[in-house]
Every structure is written in C-alpha cells, then in structure tokens.
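Before any comments, here is the structure.
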Amino acid sequence: MQHTSYIEISKSAYAQNIDFLKSDIGPKTEISVVVKGNAYGHGIENIVPIAEENGIRHFSTFSADEALRVHQVSKEGSQVMMMGMLGNQDLEEIIKKRISFYVFEFDRLEAAIEAAKKIGVKAKIHVEVETGFHRTGFDWDELDWLANLLKENLDCLELRGLCTHYAGAESINNYVRVRKQIKQYKKIKLWFERKDLEFEKYHSACSAATLLYPETKMDLVRLGIASYGFWPTQETYMYRFKSLPANNKNPLKRLISWKSSIMNTKKVNMGEFIGYGSSYMAPRDMTIALVPIGYAHGYSRMLSNQGKLLIGGKIVSVVGTVTMNSIAADITDLEGVQKGDEVVIIGKQGENEITIASFGESTQQVNYELLTRLPQDIPRIVVE
C-alpha cells in the first residue's frame with residue numbers, strides 16, 4: 001500500500017558520522033548513542049541495528065518504553081541506559097532485563113532497592129547529581145544521605161555511573177555557566193571518592209559538550225544530534241571549524257531524506273485563489289502540483305506561501321495554505337512534470353538540496369524539534 005510520503009535513512013552517512021566521532025573522541029571513551037524521541041525521528045528500530053554494525057554497544061533512552069524497544073531490537077546484547085521517565089511499577093521488569101537507569105531522587109532509588117531485593121537481581125543505577133541545570137539530580141545537601149543509602153545497599157546495587165547534564169553547552173553565551181557546572185561535577189566526583197564510593201563510569205557530556213569541552217569526555221559520552229549528522233548549533237560548528245581537517249570541513253552527514261510524489265496537477269487561471277481562504281491569488285495563469293502531505297504529517301502551516309520543495313531537480317514554491325493532508329506547489333515553469341513524479345521535501349534532487357536547517361529556519365523550529373515531530377507512521381526506509 002502506497003503511503004503519502006516516506007523517509008530514507010542513509011547507512012553510509014551514519015557510518016561516516018560514527019567514524020568521525022570515534023576519531024575525535026579517542027579510543028578510551030565509550031559512545032552511548034542517544035535514541036530518545038524515536039531516535040530523533042529516525043526510528044529506534046532503524047538506528048539500533050545500523051549503530052551496532054558500526055561498533056556501538058551502548059544506547060541512551062529517555063523512557064522505559066524506548067528502552068524496551070532498544071532491548072528488543074538489539075542483536076548484540078548492547079547496554080541500554082534510561083535517563084528519564086521510569087515508573088516505580090516498571091522497576092522489576094527493567095531490573096530483570098539488566099537495563100540501567102538514572103536515579104535522581106530518593107523515591108526512585110528506594111523503590112529500586114526494594115525491587116532489587118525482592119527479585120534477587122542487582123539494580124544497575126546511574127546516580128545523577130545537580131550541577132546547575134536545575135531539572136533532575138541530587139543536590140549537594142542530599143549527598144550525605146545518598147552516600148549512606150548507597151553504602152548500606154551495595155549488595156543489591158551496581159553503581160554503573162555518576163552523571164550530570166550541562167545546561168547550554170551548545171552556546172558560547174553559556175560558557176561561564178558550563179564551566180561552573182564542570183567544576184561542580186568534579187567537586188562531587190572527588191567527594192564520592194573520599195567516601196570510598198566508586199562508579200564504573202563517569203559521564204556528563206552530550207554532543208555539544210563532547211565537541212566543545214574536551215575534559216567532559218571521561219569514560220562515556222552521550223551522543224544524540226551529532227550522531228545523526230547535525231552540529232548542535234551553528235556556533236558549535238564555527239567553534240570547531242579551524243580544528244577540522246582541511247579536506248573534510250563538513251564531517252557530519254545527515255542521514256535523513258523526506259520524499260513524496262505528485263498526486264495530481266491542475267491549471268489555475270490568473271486572479272483565482274488557490275486553496276483555503278484568500279492567502280494566495282494566482283498572479284498569472286499557473287500550473288500547480290498537489291502533494292499529499294500537510295500539517296498532519298509534520299509539514300507546518302507556517303510554510304503556507306513560503307515553503308520550498310524539489311520537483312524535477314528544481315526548487316519550487318508552496319502556494320496557498322498548508323492543509324491537513326496536502327500542499328500545492330507552483331510548477332508553472334517546469335516542463336514534463338506529471339502525476340507520480342518524485343517530490344523532495346528534505347534532501348537532494350539533482351544539484352539542489354533542501355536541508356533540515358533551512359527547512360527548520362522557515363518554520364522557526366530547531367533541528368531537534370523538527371526531526372522528532374516527524375510522525376512515527378511515516379515509513380522509514382534504510383538505504384545505503
């Protein structure tokens with residue numbers, strides 16, 4: 001059954017990204033590929049096998065449902081680490097499956113201890129500490145109680161990691177704040193060492209911190225957006241530009257292309273309105289192509305009368321209001337265009353390209369938001 005659009009995921013682009021990131025990070029630091037948000041819109045079931053083909057054996061998720069999807073699709077017995085939502089009622093299943101998880105408040109930690117004792121399996125935990133993000137993590141004044149609780153229950157806990165997350169590492173505007181957070185993490189790490197509490201891995205770096213603050217790499221880095229071929233921000237790229245090889249100034253390759261096809265074509269006379277309302281009046285006799293995607297598929301209404309598409313290798317304009325299920329494109333100046341022809345929403349066609357960045361700027365969305373808002377029911381196809 002034909003879908004209205006589909007997304008291509010490039011294996012070769014992913015391999016290039018992982019090769020670059022491994023060489024940049026060095027052999028002593030493990031990469032955990034972050035697959036939250038349905039692997040940043042790419043599909044968990046697609047990314048995990050590709051990542052494992054490229055030597056990745058550690059994955060980070062936000063929630064239990066994502067962790068179970070990784071666990072089910074992994075063919076290499078990779079480690080799965082949950083960084084966010086986990087209901088206490090799910091702890092027993094997660095512990096049995098040997099999935100590790102963050103603890104950042106006492107309720108979850110105490111529930112994990114109870115569940116581990118009940119089933120006789122050690123809980124793999126990563127202790128998250130507050131360093132300045134003010135979202136999740138144990139505060140400094142909670143550390144004494146935390147250390148005592150950990151020591152008293154080492155028979156049912158595996159201390160897999162001591163972790164934190166840096167707020168704003170992707171922007172130079174936050175340099176002082178990030179430096180304070182790094183200093184605080186080191187202070188807490190030393191405090192635990194003096195309490196004779198050792199963790200298997202020390203980790204704090206996301207993509208931006210990994211690329212901009214080398215001392216944050218430590219034992220493990222959690223790479224999300226960079227592994228999918230995007231610099232966290234333009235600032236990040238500009239900061240690293242000089243240090244990139246002269247023959248490879250753009251080492252991160254995007255994996256994703258979004259494509260559809262022409263549903264039908266139609267003639268419109270000059271002076272007629274196209275689509276709902278009166279937002280677009282034909283300034284001349286026109287030919288339009290209807291493309292079966294709309295805001296229900298993640299193509300924002302903000303792109304009404306300003307979106308761009310690739311048809312026949314040429315950049316064409318969206319005309320009229322973006323509707324729930326369709327958009328109209330001006331193909332007046334193209335020759336030989338017909339029903340069924342390929343339409344590229346994001347990606348390359350001929351010598352032209354519509355990038356995620358340009359698409360995101362048009363809709364006032366950052367890369368992260370645009371990617372993760374692509375509906376899961378759009379088919380994802382893995383290509384070489």
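Summary table
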{"quantity": "The range 41-55 residues that are charged (D, E, K, R), paired with ones that are open to solvent by less than 10 Å² (accessible area, probe 1.4 Å) (beta carbon under 9 Å, 6 or more apart)", "calculated": "Glu45/Ala39; Glu53/Tyr14"}
{"quantity": "Output for the range 116-125, where each listed residue is more than 23 Å from Lys201 (Cα to Cα) and not in a loop (DSSP other than H, G, I, E, B)", "calculated": "Lys117, Lys118, Ile119"}
{"quantity": "Residue check, Lys124 farther than 26 Å from Lys187 by Cα and either touching a Cys at 6+ places or on another chain (Cβ under 8 Å) or open to solvent by 10 Å² or more (accessible area, probe 1.4 Å) (or both)", "calculated": "no"}
{"quantity": "Residue that is most open to solvent (accessible area, probe 1.4 Å), among those in the range 57-68 that are under 16 Å from the mean Cα position of the chain (by Cα) and not acidic (Asp, Glu)", "calculated": "Phe62"}
{"quantity": "Qualifying residues in the range 137-146 (those that are hydrophobic (A, V, I, L, M, F, W, C) and in a helix (DSSP H, G or I)) - the one nearest to Val103 (Cα to Cα)", "calculated": "Leu146"}
{"quantity": "Enumeration of residues in the range 130-145 that are acidic (Asp, Glu) and either open to solvent by less than 100 Å² (accessible area, probe 1.4 Å) or at pLDDT below 95 (or both)", "calculated": "Glu130, Asp139, Glu142, Asp144"}
{"quantity": "Single residue of the range 49-105 satisfying the filter (acidic (Asp, Glu) and assigned to a helix (DSSP H, G or I)) that is farthest from Arg380 (Cα to Cα)", "calculated": "Glu92"}
{"quantity": "Residue identified as free of Cβ contacts under 8 Å to residues at least 24 places away in the same chain and either open to solvent by 10 Å² or more (accessible area, probe 1.4 Å) or within 28 Å of Leu149 (Cα to Cα) (or both) among Ser23, Ser100, Ser74", "calculated": "Ser23"}
{"quantity": "Options Lys267, Lys253: the member that is part of a strand (DSSP E or B) and either open to solvent by 20 Å² or more (accessible area, probe 1.4 Å) or of a type in the set (S, T, N, Q) (or both)", "calculated": "Lys267"}
{"quantity": "Wholly within the range 147-245, helices (runs of 4 or more DSSP H) carrying at least 2 residues that are of a type in the set (S, T, N, Q) and within 25 Å of Gly43 (Cα to Cα)", "calculated": "207-212"}
{"quantity": "From Phe106, Phe138, residue being aromatic (Phe, Trp, Tyr) and over 30 Å from Leu211 (Cα atoms)", "calculated": "Phe106"}
{"quantity": "Some residue of the range 27-48 being touching a His at 6+ places or on another chain (Cβ under 8 Å), open to solvent by 40 Å² or more (accessible area, probe 1.4 Å) and in a loop (DSSP other than H, G, I, E, B)", "calculated": "no"}
{"quantity": "Unique residue being buried (at least 17 other Cβ atoms within 10 Å of the Cβ), over 30 Å from Thr355 (Cα atoms), in contact with a strand residue (DSSP E or B) (Cβ under 6 Å, 6 or more places away or on another chain) and of a type in the set (A, V, I, L, M, F, W, C) when the list is Leu220, Leu159", "calculated": "Leu220"}
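The values are calculated or read from the model by the stated rules, or taken from the named source; none is laboratory data. Predicted model, so just to flag it, every value in this text is computed and none were measured. As a convention, Cβ positions derive from the backbone with ideal geometry for all residues, glycine included, and neighbour counts pool all protein chains shown. Just so you know, the surface numbers come from the protein's heavy atoms only, side chains and all, with ligands and any DNA or RNA stripped out. Shrake-Rupley method; radii C 1.70, N 1.55, O 1.52, S 1.80 Å.
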